[in-house]
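So the structure is just underneath, and the comments pick up after that.
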Amino acid sequence: PLDHRSDLFSVGMVLYEMLTGVNFYADENEFNQMERVKKVDLELPTKLNPKVHPDLERVLMKALHVDVHQRYPRTLDFADALGEYAERDEKRFSDADMKQFMASAFSSDLDEELRRMKEIMSVRWPSPGGPPVVPDAPEEDELELGDDLVEIEEKPVAVPPPAKAPRKTKQMLMLATLGLIVLLIVLMIVVMR
């Protein structure tokens, strides 16, 4: 059945691929991919990567169990099992270790995000609800337009403020997503040591 356990399976597959380096969906034939998913035809992570701890393998393989009723019933149960494994593991690293890892792993992404943020911050809004003014816009002769494009008369457009999602829901979703990503990164670091 396609329910929340399918999402847990997908998260488990991401962790499986991170730990083993094997792309489960690499088969060119989509039919074969679907058959492999239905059968959960996986090699044990410890066979593909001897650095994977057997306890972590047990947690992961429960999330990837062929019988959906044998998988974790809730996302929180899966997260708790991963957290318990991480707590039992004697390899620890500090916040400084995490900061150093994140800075080295995502330095190019961080530089690009900072550049984009500066670009966004350079947009001036002359009046509330007025159109944005972007500095240093390319001249018309610098633009490369295809022959199939039609020129459109430019008119200022009032840009409405973005609709806001309920603050609490948005925060909870962001925290849950961030927590899962951090947990996967932490487990990856622990296993690779």
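The values are calculated or read from the model by the stated rules, or taken from the named source; none is laboratory data. Computed from a predicted structure; not experimentally measured. When we count neighbours, we look across all protein chains shown, and the Cβ atoms used for this are built from the backbone with ideal geometry, even at glycine. SASA here: full protein model, heavy atoms, side chains in, ligands and nucleic acids out. Shrake-Rupley method; radii C 1.70, N 1.55, O 1.52, S 1.80 Å.
What the table shows:
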| quantity | calculated |
| --- | --- |
| Residue-by-residue Karplus 3J(HN,Hα) for the range 10-16, coefficients 6.51, -1.76, 1.60, Hz, glycine and proline x | 4, 5, x, 5, 4, 5, 4 |
| Phi-based couplings in Hz for the range 78-83 (Karplus 6.51, -1.76, 1.60; Gly and Pro marked x) | 5, 4, 4, 5, 5, x |
| Rounded percent of accessible protein surface that carbon and sulfur make up, the range 1-92, 1.4 Å probe | 52 |
| Projected label distance in nm at residue 40 and residue 75, using a 7 Å step from Cα toward the beta-carbon | 2.0 |
| Phi-based couplings in Hz for the range 35-43 (Karplus 6.51, -1.76, 1.60; Gly and Pro marked x) | 5, 5, 5, 4, 8, 6, 7, 10, 7 |
| Solvent exposure ordering (accessible area, 1.4 Å, most first) of 18, 13, 174, 98 | 174, 18, 98, 13 |
| Length gained when the stretch residue 31-residue 113 is fully extended (0.36 nm per residue, less Cα-Cα span) | 25.7 nm |
| Surface accessible to a 1.4 Å probe, residue 40 within the full protein complex, Å² | 20 |
